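Accompanying notes for the structure given below.
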Amino acid sequence: MRDYLLTLVSVGLAALALYFLTVSEGSSGLLSALTLIFIWGIAAISLNLINGQLGILSLGHHGFMLIGGYVTALLMLPARERRPFRTRLLSDWARNHLDLDKWLRGLGLDVLANSIDAKFIIALFIAGLAAALLGIIVGAPSLRLKGDYLAIVTFGFGEIVRLLPNAPEVASFTNGPLGIKGIPGAAGTIWWTFLALLLVLWFFSRLKFSSYGRAFEGIREDEIAAEAMGVNLAYHKILAFTISAFFAGVSGGLYASYLQSVDTQTFNFFVTFFLLVAISLGGLGSITGALLGTAIVVLVRVYGGFLEQPNPAWVGYLSGAVLMLAAFGFSAYIRKARRLRPVIEPKHFIFGAVGAALLIVTIAFFKQPWMQQTVQFFGMRKMLLAVILILIMIYRREGVMGRAEFSWKLIFGPREDIPTDEQRQQDAWLSNPDLNPGLKEEGDDDASA
Amino acid sequence: MTASKISSRSTIVSLLIGAVLVVLLGARINSLENYTFARVVQDFLNALTLGSLYALIALGYTMVYGIIRLINFAHGEIFMLGSYFAFYAMTLTPLPWAISLLVTVLLGGTVLLVLRSLFNLEEPKRTFVLSLIIFGGTFFLLTFRKMGWVEGLALSMLATGVAGVLLEAVAYKPLRGAPRESMLITAIAASFFLQNFGQLVFGARVRGFNAQTILNKPLNFHIGPETVYFTGILVVVPLITALLLWVLNMFVSRTRLGKAMRATAQDAEVAQMMGVNVNQVIALTFFIGSILAAAAGVMYAIRFGQIHPLMGLMPGIKAFTAAVIGGIGSLPGAVLGGLLLGFIEIYVVSLFPTLSAYKDVFAFVLLILILLFRPSGLVGEDLTEKV
């Protein structure tokens, strides 16, 4: 009861904070960052179901999101955007018939058709269903394959889905490489994404502790044992893929609506990579961890822009030198703390040497025009994400949260590492030879031996 | 890494499928009116070239998978690095002697260190001769004249081999013994890192790779009224590939290190107990794989005339498909798969021009189908997990 109240209060507080953010001036950057966190959070949580809870490495999530994005875009496209010259490759049939507005009016549901919000919810639902259909197809190979082969198959599916919209025959539905523009930005309001994320959090936390969630985790730990315990492998695997794809489709729809446009480059393999970094960082198998990881990764992406600002070239050389020297010093520090000899490992001299060389070059050629010219380091953020992922894999494979979930017990509950009085009494009983005859005998045995 | 026995049933099935395909192709060729003998020759040459390139890249995938069961996602980026190294070697030379000296010391030193650790060259005399060759050769190549494609190819192969060894040491070595999924994730991250590193260092734009060589000179000839568009590269690629394959085969089958490699592929643990330095063998595998990828990268750049930092993506995926078709872990399988994929790609586009938009999709479909229905490939060993 207390936990529910706390949850309600904190959600209310978050909503209040969001409200103040939306009314205050100059917070649009933060708002769009939050919107992105919510959208990507949904996608990351859904990917976490397969990668973390089911224990199958899936690399095709961008395909699900793409389907969701395109379906939402087509269904929501307003009448004025459906003119032939705007959407040159879209066939007349697709232009005229794939229209949620018409469908609803045809069913006599004018009330829904008049509200863009209601239409958006329905479109998102249909987008989710379309993605879920693909999820069944992508999930089917998991019955035959395992491990990295399966990962490659899911990657292949994702890439096929990404490449298909550009093909001439399919372009009549997807507008080809031009993509679909002019989607009404209903999700641009942060409230939509916030509500969607709350729903997803609720659903996935319920799912995780249900019999289905236990079955997924059983499959992750040991398929054969799970099957022996009566878990239907095929059903549960496909189910996980379907659920995950559904919510990926929803988040794809939200993202398309946030951008107000969708094309094949919106959902390329980088999307899956990005989500993979997020859930690995947060902790595979943890829903709140996935959200935390997403927040970190999105913030790196949004606020890491300064890394790619135009700068004089010497800034780059200097930061390279500082990084190299720092790595050199850090390795020496670690080895010293661990009492390893020699303090400086011979091959780590390369960091020091390169760093020193860069420093010397920077100082020696500081006046040269090529040192002063302005350059931009595009791709620094992506490189940073890649480095983060490699470091996680090497040094902390379980991520920040591991498989633990955030819970109120964690903050307010009794601490589990300090024994309660009752536990102490039990321990005393266990260790007291007068009260515990088993202990006495053992001790005697030891003494005689 | 050994060609295993193929069961008679699967042979019959493969032969049947092959026969059906041949009949279908024949029918299609018959129905195409403008499919003349000249086009047959042209397609054959193109397919052989493309297939050779795929085979070279696929060898790197298959060797690494055979040794440490890692799908080296970053292999396509190694291929990209190879073409860029050659590009810079061929456009920036001749360098002023001071810079050339600096580059020689840095590059030659790294190459020498890596080669020494890979090939057990502790003997002082050998090391001296080797360092003389490497330092002298690099300095000579960099300083005196504009580098041609042969020198560019050689230098790029060495440098890329070293880059591959460094990649293994930095990203994969700390993960020895980790779950295979973790290693795959690391490989994907390494691939992304190298792509963006390439964009940062080499620039994101497409560059023309104008090897002013005899290789790109049009040597068109006629068969009847039709022209066959022919350049030297169409012959050189298969020849160099054949040469490299011969050297590789000799290395793997005849030398002590090759034997150590085969042993490690069969069972790393037992090989280690028998005194094989497994770390060295793994580094060596990456070195050889990267060398082959660099050769493919340079020839790919000469063949198609342009390079960019994301160029490794599709050839990488296709070569991986080729490795899977052949049976991942098997060297002859990778070559067979590469050639097969090259021929399939060229002939599908040539015979069914409307399908050319699905060229890339087709590679993925093939990959999925093979993984699903014959994960051991054409000649590979069975890798399915046993209880």
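Annotations
- Complete set of residues in region B:140-199 that are β-branched (Val, Ile, Thr) and farther than 16 Å from B:Phe87 by Cβ: B:Thr143, B:Val162, B:Val165, B:Val170, B:Ile185, B:Thr186, B:Ile188
- Test: B:Gly258 is at positive phi, surrounded by fewer than 24 Cβ atoms within 10 Å (Cβ to Cβ) and of a type outside the set (Val, Ile, Thr): no
- Within the option set A:Arg301, A:Arg214, being part of a helix (DSSP H, G or I) and modelled with pLDDT under 90 holds for one residue only, A:Arg301.
- Residue satisfying all of: in region B:150-191; in a helix (DSSP H, G or I), out of contact with any helix residue (DSSP H, G or I) (no Cβ under 6 Å at 6 or more places or on another chain) and surrounded by fewer than 22 Cβ atoms within 10 Å (Cβ to Cβ); farthest from the other protein chains (Cβ to nearest Cβ) among these: B:Val150
- Region A:246-277: number of residues that are part of a helix (DSSP H, G or I) and farther than 16 Å from A:Ala290 by Cβ: 12
- Any chance A:Leu254 is out of contact with any Ser or Thr (no Cβ under 8 Å at 6 or more places or on another chain) and crowded, with 24+ Cβ neighbours inside 10 Å: no
- Note on region A:106-125: among residues that are on the phi < 0 side of the Ramachandran plot and not in a helix (DSSP H, G or I), the one that is nearest to the other protein chains (Cβ to nearest Cβ) is A:Leu107.
Okay, residues lined up against (1) touching a residue at least 12 places away in the same chain (Cβ under 8 Å); (2) at the interface with chain B (Cβ under 9 Å from one of its Cβ atoms); (3) part of a loop (DSSP other than H, G, I, E, B):
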{"site": "A:Phe377", "(1), (2), (3)": "yes, yes, yes"}
{"site": "A:Arg381", "(1), (2), (3)": "yes, yes, no"}
{"site": "A:Leu385", "(1), (2), (3)": "yes, yes, no"}
{"site": "A:Ile388", "(1), (2), (3)": "yes, yes, no"}
{"site": "A:Ile394", "(1), (2), (3)": "no, yes, no"}
{"site": "A:Glu398", "(1), (2), (3)": "yes, no, yes"}
{"site": "A:Met401", "(1), (2), (3)": "yes, no, yes"}
{"site": "A:Ala404", "(1), (2), (3)": "yes, no, yes"}
{"site": "A:Ile411", "(1), (2), (3)": "no, no, no"}
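- Taking the listed residues A:Gly139, A:Gly128, A:Gly135, the one that is assigned to a helix (DSSP H, G or I), within 14 Å of chain B (Cβ to nearest Cβ) and modelled with pLDDT of 85 or more is A:Gly139, with no other qualifying.
- Flag for A:Ala321 being under 20 Å from the mean Cα position of the chain (by Cα), crowded, with 17+ Cβ neighbours inside 10 Å and part of a helix (DSSP H, G or I): no
- Some residue of region A:60-76 being part of a loop (DSSP other than H, G, I, E, B), touching a residue at least 60 places away in the same chain (Cβ under 8 Å) and in contact with a Gly (Cβ under 6 Å, 6 or more places away or on another chain): yes
The values are calculated or read from the model by the stated rules, or taken from the named source; none is laboratory data. All values reported here derive from a predicted model rather than from experimental measurement. Reconstructed Cβ throughout: ideal geometry from the backbone, glycine too, with neighbour counts over all protein chains shown.
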